[in-house]
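Have a look at the structure below, then the notes.
The values are calculated or read from the model by the stated rules, or taken from the named source; none is laboratory data. On a predicted model such as this, the values are computed, not experimentally measured, just so you know. Positions of Cβ are generated from backbone atoms using ideal geometry, with glycine treated the same way; all protein chains shown enter the neighbour counts. Ligands, DNA and RNA are excluded from the accessible area calculation, which covers all protein heavy atoms including side chains. Shrake-Rupley method; radii C 1.70, N 1.55, O 1.52, S 1.80 Å.
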Amino acid sequence: MIHKKLKSFPDSFLWGASTSAYQVEGANSEDGKGPSCQDIKKVPEGTSELDVCADEYHRYKEDIALMAEMGFKAYRFSIAWTRILPHGTGEVNAKGVEYYSNVIDECLKYHIEPIVTMFHFDMPAELDERGSWSKRESVDWFVEYARVLFQNYGDRVKYWLTINEQNVLTLVGPVIGTLRIPEGCTNELKEIYQQNHHMLLAQSKAMALCHEMLPNAKIGPAPNIGVMYPATCSPEDYLAAQNANGLRNWLYLDAAVYGTYNNLAKAWLEEKNAMPDMLEGDEDILKSGKPDYIGFNYYNTGTAQYSDGTEPLTGASSQQENDGFPGLFRGVSNPYLPKTEFGWEIDPTGFRCTMRELYSRYQLPLLVTENGLGAYDTLEEDGTVHDPYRIDYLKKHIEEIRLAISDDVEMMGYLPWSAVDLISTHEGISKRYGFIFVNRDEFDLKDMKRYRKDSFYWYQQLIKSNGTIL
Ligand code: BG6
């Protein structure tokens with residue numbers, strides 16, 4: 001659709017950015033924090049440990065002041081479960097509660113809306129040891145934790161996000177360092193989707209609890225969504241793309257919004273003897289919690305080709321790369337798209353396709369909770385960081401949001417990844433995303449000083465003009 005006149009970003013549009021606790025905070029055993037699965041995992045060779053990260057735990061005031069200088073209307077950060085409940089359940093750590101209370105107050109001081117992710121890849125180590133999401137009790141563990149968060153921060157936090165990228169945890173758990181397969185398991189696929197089922201139940205209960213305890217708050221999921229294209233216009237490739245969309249995208253949102261399993265994902269899981277066991281009442285639980293909006297992370301689209309079922313496909317190899325599943329689809333690269341230095345395709349138009357598709361499927365307001373470019377940045381001698389490639393990437397994606405708004409998609413905000421440089425999921429700090437440069441290397445912590453990248457000034461102007469000056 002070509003619009004002669006573009007609609008404007010709404011005045012209430014939430015411009016800002018995102019981070020997650022385990023990637024940015026450091027101080028992972030300070031002030032009573034218990035270990036999470038991220039703290040005890042073996043990091044990929046050649047990448048930094050997660051004990052210091054961007055030292056946000058000690059520098060949040062400085063960083064939030066920089067976000068305010070950029071003009072942020074919102075800041076999405078995650079709460080580390082084990083700062084609040086060091087053992088995952090039971091004893092509450094007053095110091096941890098106080099820390100996020102201070103972070104929230106610091107945001108509010110600058111009229112920055114705190115947007116809280118409750119769980120971003122960091123299961124408490126003790127609960128991990130007890131079986132993590134494979135245990136049915138994980139649903140109760142999460143609800144107990146949610147209750148503590150709502151009790152302590154519900155007076156100031158209006159926007160909540162449940163589980164970051166549940167689909168990534170399910171499709172690519174080993175890359176994120178989170179997948180636990182219990183000893184003696186004979187059906188790994190079923191086990192993975194059983195864990196996914198527990199997360200869906202936990203999410204639904206947390207959304208219902210949020211509405212009960214905080215009637216004025218809004219809560220939503222935060223999966224990683226990017227539409228899957230058919231590799232060609234052959235009907236078989238179209239079917240493959242539908243399969244891929246069902247398994248990668250709609251399984252998570254159909255459950256969150258409608259409380260049902262996506263029929264294509266379900267049919268495939270049944271075929272593979274991997275449909276999770278459901279207890280009586282689970283269907284009601286899934287329907288009991290409803291999101292007020294859809295948060296979603298977008299990095300790129302995918303492309304699917306017909307698979308005859310004989311290929312040795314392995315499933316995802318990173319959040320954004322998936323070679324498919326035999327008989328379901330074969331993931332192929334898209335010849336129309338360039339790639340980042342780290343091999344992820346770049347597809348701004350696919351962003352618009354994704355927003356349109358999401359809105360027409362679910363008719364709920366959309367909040368972009370991540371989007372961004374991981375790249376090698378260089379700090380120059382004069383303290384500048386020139387990142388035109390990041391500006392170009394963000395600019396092209398923001399243009400597509402405006403087009404989506406002109407398509408009558410209801411957009412709430414844009415929170416790219418990331419506010420400040422942090423440790424990537426499996427490629428260290430060398431893969432940077434921030435507007436704010438952190439002066440450290442993979443193993444040399446240097447002085448951790450903050451520097452404003454060129455993209456910092458560019459984003460500042462863009463926010464000031466509410467998206468009109470790109
Ligand atoms: C998303 C995650 O998958 O992508 C973030 O929610 C992550 O935690 C981001 O950092 C970018 O991915 P990566 O692997 O480059 O860090």
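Taking only the C-alpha atoms of segment 238-314, the Rg (one decimal) and the largest Cα-Cα distance, Dmax (whole number), read 14.5, 42 Å. Annotation: amide H-H contacts under 5 Å for Tyr75 (H modelled 1.01 Å from N, sequence separation of 5 or more, or interchain): Glu113, Ile115. The label point for Asp454 and the one for Ala375, both projected 7 Å from the Cα toward the Cβ, are 0.8 nm apart. Ranking Gln363, Pro44, Asn262 by how far each Cα lies toward the positive end of the dipole of the chain (charges on Cβ) leaves Gln363 at the top. Beta bridges from DSSP with both residues in the chain: antiparallel share about 30 percent, rounded to the nearest 5. Helix-only arithmetic for the chain: the sum of -39500 (n - 2.57) across DSSP H runs with n ≥ 4, divided by the residue total, places the mean residue ellipticity at 222 nm at -12000 deg cm²/dmol. Dipole size of segment 399-465 about its Cα centre, with +1 on Lys/Arg Cβ and -1 on Asp/Glu Cβ: approximately 460 debye, rounded to the nearest 20. Annotation for Arg361 and Met278: the two label points, set 7 Å from Cα along the Cα-Cβ direction, are 1.9 nm apart.
Remark on Ala222: its backbone amide H falls under 5 Å from those of Thr162, Ile163, Glu165, Gln166, a criterion applied only to residues 5 or more positions apart or on other chains, H modelled at 1.01 Å from N.
Per residue, the Cα convex hull of segment 122-176 amounts to 94 Å³. Largest first, the extents of the alpha carbon coordinates of segment 60-147 on the three principal axes equal 44, 23, 19 Å. Between amide H atoms placed 1.01 Å from N, distances below 5 Å from Gly315 occur with Asp323, Gly324, all of them 5 or more places distant or on a separate chain. A simple packing score, the average count of other Cβ atoms within 10 Å per residue, orders the peptides 408-414, 207-213 as 408-414, 207-213, with the highest score first.
About its Cα centre, the dipole of segment 14-464 is roughly 980 debye, where the only charges are +1 on Lys and Arg Cβ and -1 on Asp and Glu Cβ.
The charge dipole of segment 112-254, taken about the Cα centre with unit charges on the Cβ atoms of Lys, Arg (+1) and Asp, Glu (-1), comes to about 320 debye, rounded to the nearest 20. A dipole drawn for segment 1-115 from +1 and -1 charges on Cβ atoms has a positive end, and of Ile84, Ser20, Phe9 the residue lying farthest that way is Phe9. Computed over neighbours whose Cβ is under 15 Å from that of Thr310, the net charge equals -3, Lys and Arg +1, Asp and Glu -1. Charged neighbours of Ile40, selected by a Cβ distance under 12 Å, balance to -4 (K, R count +1; D, E count -1). Along segment 437-449 the Karplus relation, 6.51 cos²θ - 1.76 cosθ + 1.60 evaluated at θ = phi - 60°, assigns HN-Hα couplings of 7, 10, 7, 8, 10, 4, 10, 9, 6, 6, 10, 6, 5 Hz to successive residues, with x for each Gly and Pro. The stretch between Asn439 and His58 holds 135.6 nm of extra length on full extension. This uses 0.36 nm per residue minus the Cα-Cα distance.
Quick check: at a probe of 1.4 Å, how many percent of the accessible area of segment 277-371 sits on carbon and sulfur atoms? Answer for segment 277-371: carbon and sulfur cover 49 percent of the accessible area. Over the chain, consider all pairs of different Cα atoms and compute the Kirkwood hydrodynamic radius from their mean reciprocal separation; express it in Å, one decimal. After inverting the mean inverse Cα-Cα distance, the result is 22.4 Å. Per residue, the chain exposes 39 Å² of solvent-accessible protein surface, assessed with a 1.4 angstrom probe and all protein chains in place. Each label was represented as a point 7 Å from its Cα along the Cα-to-Cβ direction; for Glu144 and Lys464 these points are 5.1 nm apart.
Size descriptors for segment 321-405 (Cα atoms only): Rg and Dmax, in that order, 16.3, 55 Å. Net length available on complete extension from Glu236 to Leu189 is 14.4 nm, with 0.36 nm assigned per residue and the Cα-Cα distance removed.
Note: relative contact order over segment 14-464, using C-alpha pairs below 8 Å and six or more positions apart, is 17 percent. Dipole orientation for the chain: of the candidates Leu313, Ala202, Gly32, Ala202 has the Cα lying most toward the positive pole (charges on Cβ; Lys, Arg +1; Asp, Glu -1).
Packing, as the average of other Cβ atoms within 10 Å across residues, places the peptides 443-451, 167-175, 152-160, 183-191 in the order 167-175, 152-160, 443-451, 183-191, highest first.
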